[in-house]
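Where a number appears in this text, it was derived from the coordinates with a stated rule and is not lab data. Model, not experiment: these values are computed from the prediction. Don't worry about glycine lacking a Cβ; one is built from the backbone with ideal geometry, like all the others, and counts go over all protein chains shown.
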Amino acid sequence: MIKIKRITPQETYAIRNEVLRKNIPLPFEFEGDFDESAFHLGVFKEDKLIAVSSYMERSHKNLSGSQYQLRGMATLNEFQGFGAGKLMVQEALSILAKLRVDYLWCNARIIAVHFYEKQGLKTIGDSFEVPFVGEHFVMFKKID
């Protein structure tokens, strides 16, 4: 059985490190992890944490209104493709709608653009390079 719940920033670190930062000299602890307005989601299969994502109140210059940035979405390799990421995005959008947030945005790795498009996000602007990680696009979704 798969379930989603809020987790602490520290609970995201092992999966962030394994999936997003393995052999990359960048921190797996993010600025904003402990902001009062930030929240973190985890997907559990039975009692095993298999996927994480973090949401921080941050503005992007090309968007207006209230905004949250999605950071550190990661699913353990052996559990990818089972809908954990979709569950987290849906839950986050529900939470953000209740908070009356206007936009969710993220810096999406090229390999994740199609996933985010399926969740209703759109690209904005040109691609850009993140050192040690690769090419990204800014993506966003207007929250209804």
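Here are the numbers:
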item: Output for segment 2-37, where each listed residue is among the hydroxyl-bearing types (Ser, Thr, Tyr) and part of a helix (DSSP H, G or I); result: Thr12, Tyr13
item: Residues located in segment 59-87, provided they are under 22 Å from Arg100 (Cα atoms), among the charged types (D, E, K, R) and out of contact with any Phe, Trp or Tyr (no Cβ under 7 Å at 6 or more places or on another chain); result: Lys61, Lys86
item: Condition check for Ala97: assigned to a helix (DSSP H, G or I) and either β-branched (Val, Ile, Thr) or surrounded by fewer than 16 Cβ atoms within 10 Å (Cβ to Cβ) (or both); result: yes
item: Filtered residues of segment 18-54 (kept if in contact with a Leu (Cβ under 9 Å, 6 or more places away or on another chain) and surrounded by fewer than 15 Cβ atoms within 10 Å (Cβ to Cβ)); result: Glu18, Leu26, Ser37, Lys48
item: Cβ pairs under 7 Å, 6+ apart, first in segment 73-94 and on the phi < 0 side of the Ramachandran plot and outside any loop (DSSP other than H, G, I, E, B), second surrounded by 15 or more Cβ atoms within 10 Å (Cβ to Cβ) and among the aromatic types (Phe, Trp, Tyr); result: Gly85/Phe115; Ala92/Tyr55
